[in-house]
Amino acid sequence: MLPLLLALPFAAALLIALSRGASRRTIAWLAAAAPLLGLALLAWLTPTVMAGGILQSSRPWIESAGLLFTLRLDGLGWMFSLMVLAIGALVVLYAHYYLGAEEKARRFFCYLLLFMGAMLGMVLSGNLLLTVVFWELTSISSFLLIGFWFKRDDAREGARMALTITAAGGLALLGGVVMIGRVVGSYELDAVLAAGDAIRAHEFYPWILGLVLAGVFTKSAQFPLHFWLPHAMAAPTPVSAYLHSATMVKAGVFLLARLHPALAGTDLFFYVVSTVGALTLLIGAWNAIFQHDLKGVLAYSTISHLGLITLLLGLSTPMAVVAAMFHILNHATFKASLFMAAGIIDHETGTRDMRRLGGLRRLLPYTSALAIIASLAMAGIPLLNGFLSKEMFFAQALEIEAHEGMRIFITVAAFLFATFGVAYSLRFVHDTFLGRGPRAVDREIHEPPRFMQVPVAILVVACVAVGVAPQWTIGPALATAARGVLGDALPEYSLAVWHGVNTPLLMSLGGVVCGVLLYLGLRRLLDLHAIVRHSQGRKLFHLNIEALFRLGRRFTHTVANGSMQRSLLWLLMVAIAAGAAPFVAAWGEPQQATVFAGQPMVRLAWVLWWLLVCCAFATLALYRHRLLAVLVMGGCGLAVSMTFVALSAPDLALTQLLVELVTVALMLLGLHYLPKDSPPERSMPRRLRDGAVALAAGVGTAGLAWAMMTRPPVNGAAAEITARSLPEAWGTNVVNVILVDFRGFDTFGEITVFGIAGLVVHAMLRRARMAPEKVMPGPPVKLPVPADLAQMMFPLTLVVSIFLFLRGHNAPGGGFIAGLTLAVPLLIQYVIQGAASVESRFGFDYIRMIGIGLMVALMTGAAAMLFDTPFLTSGHYDLELPLLGTIPLASAAAFDLGVYLVVFGSTMLILSMMGTLKPSKKMIAHRGTIDPATRSAITGEAA
């Protein structure tokens, strides 16, 4: 059931994305179905987990790299899965009423479910590399959620800041995970947790700990990288309630708890983690007192509580781990309810600024009561859940066995945490619900819809229930979670409201008194509403970003300042250096010459060779006349294609021919916006330099080709692939089998890059694109091809394209060739008839075609995992049909269909953007070939 549990959010997100035209209510129900069904599955698995069992599901993925798709559910994963799904379901209900009618609910719930699936995958991962994959997916999906209101500057800034910091931490985590794999010899979590002694004793341990903690601290907003979290409050409140109370910011402390048996137990771990946690605890709590935004108070208090959890895990004692697990649960309940209450206040009053609020207990009595109870739980008041975990924290702070200075520091930090927590909780309550107000609010304030309050009420009831009867309500769940970290070392402890008069109780009461006095003293001595605190971390972040951009601009100006000649020069020089490096390294060593007397060149090969030479020299002679140079270069490509034919490589010949056609068409469209002739000649020294570089590159490439073709053939990979092609991949076309089977994962990466390239071109040129009816009339280049013939080519080429696609697995063809074949007639029409005619007759949505193609390829690969085989493993079935007989079917054909759609969609997207590009005034004046009427239509000037 674990793969099904993980697949639910992603499946729901896909279903919502495809449900165009569905009502907001339907979309909300679809979004709620995923966490609710997930909770049902989790309930089914709960008895086994609570009994101490560990559930696992493992499927091979990239075994050579140690990456297995292993899912593992123990007590720790169970607790976090429960939080992800339960609070996720409440957030979905809340968001349905929070989002305005103008908000894109379908997009919001897709992003939310994508994040839910990423977080669920992370807590269920049983392979560290898989954990990193989902870790980075949470960063990407949280970026989309934080920047949901992308038209707002603060939302874009907060999203970029969160992604930059957490993704950088993810890269550091990847380095630490790779080093753990080197030490342990496996990335499987069971093996890693069992090898704790070996990891701690290894010389790599300080580096492993530093890299892993970098990922943990960035994700859980620990000092000094905590500043991104308050700026992420620009997200919609449901996002804050979900990401910043129960899920994303808990990912770091989850990983710290997950790897606790492998990394904890050293002085280095104790001092680093405890010190960072204590500093974060104090800085977050102190800054929370002076915030004016409701969500700002909650954000800094979240930082403080995350520091508390980190500190407890740094102490490393069994009871400290139990206290950390307890506070993770408590914090998720009262902080999620407080964020939702802040969202209700913002929803009803139009502001979150406490300087404009006050007196809301009269206007929002039910919301006020719920928020005040949750605030008291956050402050650690008795008979609420926050009080119990705070007492456990005090007890562990007093029992530290460490240097006397460290003991005093931790004890003082614990007391100040209680004091500051009461102070900012009091300010949250007083400035929002008590006193006079509200002020400068331009709307009628009333209670929100009932079901918008239901999630808040459920969480507040949980806070009270745990605070009153902890052993009955949270006891079994806490024991299960702690056992997932500690195993058999789970200590004896008592969850009770009253443990007698002891030091932790006195510290707690002292913190309450001091917190009240601190708040009253600040109110009397200072005007809290006039204090504005600026984020120093934000300033440093922007200074670093600006410095990075300055460095990038300087480097770009030096290396790639827009000159194609300079870019090609650097490319060729690097290629020459890389090609010459092995020969320079082996200089002076004796070499054994092995020359293979290959087959002699036939007459056709000599003809093609001379054609290539002539085209190359013609290009040198005609390069200033751009159109002629393009046509001559096309002749070079044609000669190469014919050479493949002569060497019995029809697949390569077809591919080369089609690529050449597409490239020539793209160049012709580009020439439409360029001067007819190239710029004047350069100076003689530069020409000599360029000639020397070109000669070195050409001679070097020719020498390598000669060396490869004159050496004896080796019976290696080529022979093995040829032998395995038919019996294992059910295809006689070895080239296509390599692409869609043996190297299917590489091909999937290549079509992904191809699709991204098309989208990047679209993003760069769409603002300069003209409407089809305003595209410059007439073809860019006058070619002697009748328009009717060009139109007749499309249906004929479509038939040929489908034919090449269907035969590709057993004969020359395939998805790549078929996609380019279908693009050729449209490209020719772009060149002959102009973009206006083609765009008006064909309504292809190339962007959606790219997405569908990638999805088809991905789903084909993922389907193999349902049969316990690696990703993209091919299957085969012989279909018996009457009259037609036996029809062999291979799953690789479905993957090839994805290749087909991506290649066609990306190629046509690039060409369509080029065909409808709006020239600038300077470009038009430079070309000087556009008639006055067209110039007027483009520039807006009088004809």
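The values are calculated or read from the model by the stated rules, or taken from the named source; none is laboratory data. Quantities reported herein were computed from a predicted structural model and do not represent experimental measurements. So basically every Cβ, Gly included, is an ideal-geometry build from the backbone, and we count neighbours across all protein chains shown.
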Exercise for the section: Could you list all residues from the range 284-321 that are farther than 30 Å from residue 262 by Cβ and either touching a strand residue (DSSP E or B) at 6+ places or on another chain (Cβ under 6 Å) or of a type in the set (A, V, I, L, M) (or both)? Expected result: 285, 288, 289, 292, 294, 297, 298, 299
Practice task
Please work out if residue 37 is in contact (Cβ under 8 Å) with a residue 12 or more places away in the chain, surrounded by fewer than 20 Cβ atoms within 10 Å (Cβ to Cβ) and closer than 22 Å to residue 458 by Cβ.
Solution key: yes
Exercise for the section: Identify the single condition in (1) free of Cβ contacts under 8 Å to residues at least 12 places away in the same chain; (2) buried (at least 19 other Cβ atoms within 10 Å of the Cβ) that residue 184 does not satisfy, given that it satisfies every other one. Expected result: (1)
Handout entry: Residue list for the range 61-75, restricted to those being surrounded by 17 or more Cβ atoms within 10 Å (Cβ to Cβ) and in a strand (DSSP E or B)
Key = 61, 67, 68, 69, 70, 71, 72, 73
Practice task
Answer yes or no as to whether residue 149 is touching a residue at least 40 places away in the same chain (Cβ under 8 Å) and within 14 Å of the chain's Cα centre (by Cα).
Solution key: no
Exercise for the section: Tell me which residues, restricted to the range 100-155, are crowded, with 19+ Cβ neighbours inside 10 Å, small (Gly, Ala, Ser) and within 25 Å of residue 29 (Cβ to Cβ). Expected result: 105, 117, 118, 121, 141, 142
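Condition check ((1) modelled with pLDDT under 75; (2) closer than 18 Å to residue 623 by Cβ; (3) touching an Asp or Glu at 6+ places or on another chain (Cβ under 6 Å)) across all residues:
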site: 654; (1), (2), (3): no, no, no
site: 663; (1), (2), (3): no, yes, no
site: 693; (1), (2), (3): no, yes, no
site: 699; (1), (2), (3): no, no, no
site: 710; (1), (2), (3): yes, no, no
site: 723; (1), (2), (3): no, no, no
site: 726; (1), (2), (3): no, no, no
Exercise for the section: Show the residue pairs that are 6+ apart or on different chains and have beta-carbon atoms under 9 Å apart, the first residue being within the range 538-549 and surrounded by 11 or more Cβ atoms within 10 Å (Cβ to Cβ), the second being at pLDDT below 85. Expected result: 541/535
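Does the range 223-240 include one or more residues that are outside any loop (DSSP other than H, G, I, E, B), more than 22 Å from residue 540 (Cα to Cα) and not β-branched (Val, Ile, Thr)?
Initial filter on the range 223-240 (outside any loop (DSSP other than H, G, I, E, B)): 228-234, 237-240.
Applying the additional criterion that residues be more than 22 Å from residue 540 (Cα to Cα) yields 237-240.
Add one more test, that the residue is not β-branched (Val, Ile, Thr), and what stays is 238, 240.
There is at least one residue in the range 223-240 that is outside any loop (DSSP other than H, G, I, E, B), more than 22 Å from residue 540 (Cα to Cα) and not β-branched (Val, Ile, Thr).
Go through the residues of the range 887-902 one by one and say whether even a single one is among the acidic types (Asp, Glu), modelled with pLDDT under 75 and either part of a loop (DSSP other than H, G, I, E, B) or closer than 19 Å to residue 748 by Cα (or both). Steps first, please.
Initial filter on the range 887-902 (among the acidic types (Asp, Glu)): 896.
Among the residues that remain, those that are also modelled with pLDDT under 75 are: none.
Checked against the condition, which is being among the acidic types (Asp, Glu), modelled with pLDDT under 75 and either part of a loop (DSSP other than H, G, I, E, B) or closer than 19 Å to residue 748 by Cα (or both), the range 887-902 yields no hits at all.
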Fill in the blank from the handout: Exactly one of 321, 253 is outside the structural domain of residue 211 (by TED's automatic domain parsing) and either crowded, with 24+ Cβ neighbours inside 10 Å or under 30 Å from the mean Cα position of the chain (by Cα) (or both), and that residue is 321
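If you check 407, 362, which single one turns out to be assigned to a helix (DSSP H, G or I), without any contact (Cβ under 8 Å) to a residue 60 or more places away in the chain and closer than 18 Å to residue 504 by Cα? Spell out how you get there, then give the answer.
Numbers: 362 fails: closer than 18 Å to residue 504 by Cα.
Just a single option satisfies the conditions, and that option is 407.
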Handout entry: Neighbours by Cβ (under 9 Å, 6+ apart or cross-chain): first from the range 312-337, on the phi > 0 side of the Ramachandran plot; second assigned to a helix (DSSP H, G or I)
Key = 316/260; 316/269; 316/270; 316/273; 316/274
Practice task
Being at negative phi and over 42 Å from the mean Cα position of the chain (by Cα) is the filter; apply it to the range 427-437 and report the residue that is surrounded by the fewest Cβ atoms within 10 Å (Cβ to Cβ).
Solution key: 436
Practice task
Would you check if residue 749 is exposed (fewer than 13 other Cβ atoms within 10 Å of the Cβ), at pLDDT 85 or above and of a type outside the set (S, T, N, Q)?
Solution key: yes
Practice task
For residue 454, state whether it is part of a helix (DSSP H, G or I), modelled with pLDDT of 90 or more and within 23 Å of residue 427 (Cα to Cα).
Solution key: no
Exercise for the section: State which residue is surrounded by the fewest Cβ atoms within 10 Å (Cβ to Cβ) when the search covers only the range 837-879 and only residues that are in a helix (DSSP H, G or I), among the small types (Gly, Ala, Ser) and modelled with pLDDT of 80 or more. Expected result: 862
Practice task
Mind telling me which of the residues 307, 277 ends up being free of Cβ contacts under 8 Å to residues at least 60 places away in the same chain and surrounded by 24 or more Cβ atoms within 10 Å (Cβ to Cβ)?
Solution key: 277
Handout entry: Which listed residue is under 29 Å from residue 277 (Cα atoms), part of a helix (DSSP H, G or I) and in contact with a Pro (Cβ under 9 Å, 6 or more places away or on another chain), from 421, 467
Key = 467
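Do we find that residue 799 is farther than 30 Å from residue 720 by Cβ, surrounded by 19 or more Cβ atoms within 10 Å (Cβ to Cβ) and modelled with pLDDT of 75 or more in this structure?
Working: farther than 30 Å from residue 720 by Cβ: yes; surrounded by 19 or more Cβ atoms within 10 Å (Cβ to Cβ): no; modelled with pLDDT of 75 or more: yes.
In short, no.
Examine the range 175-196 for a residue that is within 21 Å of the chain's Cα centre (by Cα), within 15 Å of residue 273 (Cβ to Cβ) and not assigned by TED's automatic domain parsing to the domain that holds residue 485, and state whether such a residue exists.
Residues of the range 175-196 within 21 Å of the chain's Cα centre (by Cα): 175-178.
This time we only want the ones that are within 15 Å of residue 273 (Cβ to Cβ), so: 176.
Narrowing the set further to residues that are not assigned by TED's automatic domain parsing to the domain that holds residue 485 leaves 176.
Yes, because at least one residue in the range 175-196 is within 21 Å of the chain's Cα centre (by Cα), within 15 Å of residue 273 (Cβ to Cβ) and not assigned by TED's automatic domain parsing to the domain that holds residue 485.
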Problem - Flag if residue 495 is farther than 19 Å from residue 430 by Cβ, under 46 Å from the mean Cα position of the chain (by Cα), modelled with pLDDT of 80 or more and exposed (fewer than 13 other Cβ atoms within 10 Å of the Cβ) - result: no
Problem - residue 28, sole failed condition from (1) part of a strand (DSSP E or B); (2) of a type outside the set (D, E, K, R); (3) surrounded by 18 or more Cβ atoms within 10 Å (Cβ to Cβ) - result: (1)
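If I filter the range 50-66 for residues that are more than 30 Å from residue 185 (Cα to Cα) and of a type in the set (Gly, Ala, Ser), do I get at least one hit?
Within the range 50-66, the first condition is being more than 30 Å from residue 185 (Cα to Cα), and the residues that meet it are 50-51.
From the residues that got through so far, the ones that are of a type in the set (Gly, Ala, Ser) too are 51.
Looking for residues that are more than 30 Å from residue 185 (Cα to Cα) and of a type in the set (Gly, Ala, Ser), one finds at least one in the range 50-66, hence yes.
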Practice task
Please work out which one of (1) touching a Ser or Thr at 6+ places or on another chain (Cβ under 6 Å); (2) part of a helix (DSSP H, G or I) is the condition residue 357 fails and give its number.
Solution key: (2)
Exercise for the section: Report yes if some residue within the range 159-170 is touching a Phe, Trp or Tyr at 6+ places or on another chain (Cβ under 7 Å), of a type in the set (D, E, K, R) and more than 28 Å from residue 484 (Cβ to Cβ); otherwise report no. Expected result: no
